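Every read-out reported here was derived from the displayed coordinates using simple, explicitly stated rules and does not represent laboratory data. Treat the numbers as computed from the prediction; the structure is a model and nothing was measured. No Cβ is skipped: glycine too gets one built from the backbone with ideal geometry, and neighbour counts run over all protein chains shown.
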Amino acid sequence: MSQERALFVATALAAALALGAVGAVAALIATAPSLAPLGEEEAPRAEAPRAQAPPDAAGSPRDGGAPDAGPYPLDGLPRTTDTGCPDLPLVERTGAWRPALRIHPAFLPAVEEIERVLADTSREIYGAAPSALLSASSYRCTPVRGRPERLSEHGLGNALDVRGIELDLPEGRRAVTVREGFGHGGPDARFFRRVVERLAASGRVTGILGPPDPDHLDHLHFDHGRSRFLSVVLDP
């Protein structure tokens, strides 16, 4: 990246965050291919989201909400599979997750932010917090799909795949899932759109993948890898 482009991107990101322009930040990440190489699954970049989140977006900076200064602890680890997955101090995260998560402690602030955004957005859209958070995958020793020489962020406990949420509503229990609700209009599509926009602006995750990528039709992938990318197509 040229110095001029780097200065433009940094200035635009700072201005967008200061104004609370969550959708603008997500769009800038998705439309600036020279920010970093493609991420976790090496998926092609999708078109940018076109709408902004409301002014009270849950992903805006708050006390304790912005990433701490300094290098991320897992950035220095190799991402090659020639020696297998490294021996890491994984922790279990239970709470509302079904099934429970296994993650690296450094990824815990990202998981806490994902939990907060899911809960806050659920209250806004459905009038109730989730009774369960539905996970598809957390730690697993696996290479990047299509690149067997490269270790996935899942192999570092540095990624989480979210299938959706479960709600206990007056009319009964209901699951809101990526497969059934993402990109199909209505409140469920609006829920997932806001979740993606807010987490893209939060700084707690650096990579987001989702539909229409064929390997991500039933979940949203969030990680804190060294590449910054967003590859999701959101409803206008």
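Rank these for me by crowding, D75, D213, D87, going from fewest to most other beta carbons within 10 Å.
D87, D75, D213
Go through region 145-236 and name the trypsin sites (Lys or Arg not before Pro) that are in a DSSP coil and have 10 or fewer other Cβ atoms within 10 Å of their Cβ.
Listed in order of number, the matching sites amount to none.
In nm, give the distance between the simple-model label positions of R98 and E115, each being 7 Å from the Cα along the Cα-to-Cβ direction.
1.7
So for L220, L90, fewest C-beta neighbours within 10 Å to most, what's the order?
With the sparsest Cβ surroundings first, the list reads L90, L220.
Size of the dipole of region 107-227 about the Cα centre, Lys and Arg at +1 and Asp and Glu at -1 on the beta carbon, nothing else charged, in debye to 20?
Around 200 debye, computed over region 107-227.
Please state the relative contact order of region 151-226 as a whole percent: Cα pairs under 8 Å, 6+ residues apart?
Relative contact order, region 151-226: 35 percent.
Taking R0 as 22 Å, what FRET efficiency do you get between V91 and D168 from their Cβ-Cβ distance, rounded to the nearest 0.05?
0.20
Just rank V196, V162, V233, V144, fewest to most, by other beta-carbon atoms within 10 angstrom.
Placing the least packed residue first, the sequence is V233, V144, V162, V196.
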